[in-house]
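**Student:** Mind looking over this structure? Questions follow.
The values are calculated or read from the model by the stated rules, or taken from the named source; none is laboratory data. Note that the structure is a prediction, hence the values are computed from the model and not measured. Note that we place each Cβ from the backbone using ideal geometry, even for glycine, and neighbour counts take in every protein chain shown.
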Amino acid sequence: MPDKNENLKPTTGHRALVLALKLAVAAGLVWAMVHFDWLDFDKLRSATARPGLLALAALMMLVALMLTIVRWRALLAVQGISPPTWDVLRLGFIGFFFSNIIPGSVGGDAVKSYYVAREHGKTMEAITSVLVDRYVGLYTFLLTASVAAAACWWSGGYAKVFADSRIVALCWVVAGLAAGMTLFSAAVLSRTARNSPAVNRLLDHLPLKKHIRRLYDAIYLYRDKKRALAFVLAVSVAAQVPMALGTLVLGRCVGDDGLRPAAYFFLAPVGLVVNTIPISPGGLGTGEAAWEVLFKAFDSEAGAEVAALWHALFLGWSLIGMVCYLKGKRAYDAAIRESAAPNTETSDAAVDVH
């Protein structure tokens with residue numbers, strides 16, 4: 001009988017190859033930016049001469065990250081999962097840590113789903129919570145950027161910027177996506193759509209229809225939790241404020257004194273959306289390139305440096321997650337070793353990793 005592990009080797013090798021390629025892309029992008037003077041290390045060194053501003057930016061980032069964890073906890077509660085506060089914080093920071101080492105920030109979401117499912121036995125509910133959390137985060141990014149773009153245009157201070165048809169097109173794309181997500185959300189949570197024979201026929205003909213229907217049922221729970229959903233949206237919008245202002249402070253650290261706060265409320269969300277594209281681990285390289293292009297459109301030369309500082313601060317905070325993960329992993333492995341015995345009745349028991 002063939003060894004089952006042999007069937008996994010090609011998959012493992014494929015994943016390793018994909019990761020290596022994405023690391024190469026990140027390294028190539030960083031090299032290109034340095035080579036073409038897009039990333040100025042002198043500016044980065046000058047930022048260290050302003051430790052107060054860096055500390056302020058780090059604090060604002062921490063506030064924003066904590067608010068996203070509060071948002072996720074509220075989404076978990078709707079699914080009937082109410083872990084202790086420390087557990088949510090631990091898993092939140094573990095997710096941030098894995099976002100740095102798995103290509104694309106969604107890698108951290110997968111890790112959070114795994115841990116919640118393992119510790120609470122609710123796989124679909126755990127997956128739903130992180131998917132909706134990601135969806136709400138993306139929605140508020142686009143909504144914030146749309147409002148900020150309108151404010152920049154209305155102020156008249158960026159007439160030159162909005163004379164560029166590419167920037168105007170980008171703003172319309174962002175606003176269109178925000179509007180589209182609003183309509184899509186209303187449709188998914190609509191009782192009429194849920195009871196529609198056409199929708200049910202569609203669900204019955206989809207691949208993995210059983211799992212998709214369970215996911216749809218879990219998402220639909222939010223329809224009857226309007227107060228919880230309003231709280232989630234409010235927290236998500238609130239998280240945009242310290243994130244954008246923290247990015248502004250990073251801009252000041254590298255000498256960008258020209259951009260107004262409203263511009264950062266557009267640039268930071270759009271840049272972070274690009275940063276989530278799973279091209280390189282943690283968006284390294286792709287984030288710097290995207291932010292440089294965006295900032296240049298607003299007559300600023302600080303985009304790549306701001307993104308590099310943002311990545312450095314995010315990595316710093318995510319190390320908390322690394323410590324939590326290693327501590328929990330050791331406890332989990334120790335519990336498995338202690339329970340290893342001929343009697344396997346406890347093999348399905350939950351393992352405490354706190």
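**Student:** Would you mind stating whether residue 244 is out of contact with any Lys or Arg (no Cβ under 7 Å at 6 or more places or on another chain), small (Gly, Ala, Ser), crowded, with 24+ Cβ neighbours inside 10 Å and free of Cβ contacts under 8 Å to residues at least 40 places away in the same chain?
**Tutor:** The answer is no for residue 244.
**Student:** In the stretch 27-75, which residues are surrounded by 14 or more Cβ atoms within 10 Å (Cβ to Cβ), at pLDDT 80 or above and not in a helix (DSSP H, G or I)?
**Tutor:** Residue satisfying the conditions is 50 alone.
**Student:** Test residue 228 against the criterion of being at pLDDT 90 or above, surrounded by fewer than 16 Cβ atoms within 10 Å (Cβ to Cβ), in contact with a helix residue (DSSP H, G or I) (Cβ under 7 Å, 6 or more places away or on another chain) and part of a helix (DSSP H, G or I), and give yes or no.
**Tutor:** Considered against the rule, which asks whether it is at pLDDT 90 or above, surrounded by fewer than 16 Cβ atoms within 10 Å (Cβ to Cβ), in contact with a helix residue (DSSP H, G or I) (Cβ under 7 Å, 6 or more places away or on another chain) and part of a helix (DSSP H, G or I), residue 228 comes out as yes.
**Student:** Look at residue 165 and say whether it is of a type in the set (Gly, Ala, Ser), surrounded by 13 or more Cβ atoms within 10 Å (Cβ to Cβ) and over 24 Å from the mean Cα position of the chain (by Cα).
**Tutor:** Spelling it out, it is not the case that residue 165 is of a type in the set (Gly, Ala, Ser), surrounded by 13 or more Cβ atoms within 10 Å (Cβ to Cβ) and over 24 Å from the mean Cα position of the chain (by Cα).
**Student:** Specify which of the listed residues (170, 202, 183) is in contact with a helix residue (DSSP H, G or I) (Cβ under 9 Å, 6 or more places away or on another chain) and either at pLDDT below 95 or surrounded by fewer than 18 Cβ atoms within 10 Å (Cβ to Cβ) (or both).
**Tutor:** From the options 170, 202, 183, the qualifying one is 170.
**Student:** Hey, another quick one. Scanning the stretch 318-345 for residues that are under 20 Å from residue 96 (Cα atoms) and either touching a strand residue (DSSP E or B) at 6+ places or on another chain (Cβ under 6 Å) or surrounded by fewer than 17 Cβ atoms within 10 Å (Cβ to Cβ) (or both), which turns out modelled with the lowest pLDDT?
**Tutor:** So the residue we want is 330.
**Student:** Still on this structure: Within the stretch 244-278, how many residues are assigned to a helix (DSSP H, G or I), closer than 23 Å to residue 46 by Cβ and not aromatic (Phe, Trp, Tyr)?
**Tutor:** So the count comes out to 15.
**Student:** While we're on this one: Among (1) assigned to a helix (DSSP H, G or I); (2) farther than 26 Å from residue 226 by Cβ, which single condition is residue 157 missing?
**Tutor:** Condition (1) is where residue 157 drops out.
**Student:** Can you tell which of 234, 218, 239 is at pLDDT 95 or above, under 25 Å from residue 73 (Cα atoms) and touching a Ser or Thr at 6+ places or on another chain (Cβ under 8 Å)?
**Tutor:** Result of the check over 234, 218, 239: 239.
**Student:** Residue 292: assigned to a helix (DSSP H, G or I) and either touching a helix residue (DSSP H, G or I) at 6+ places or on another chain (Cβ under 8 Å) or over 20 Å from residue 177 (Cα atoms) (or both), yes or no?
**Tutor:** Against the criterion (assigned to a helix (DSSP H, G or I) and either touching a helix residue (DSSP H, G or I) at 6+ places or on another chain (Cβ under 8 Å) or over 20 Å from residue 177 (Cα atoms) (or both)), residue 292 qualifies.
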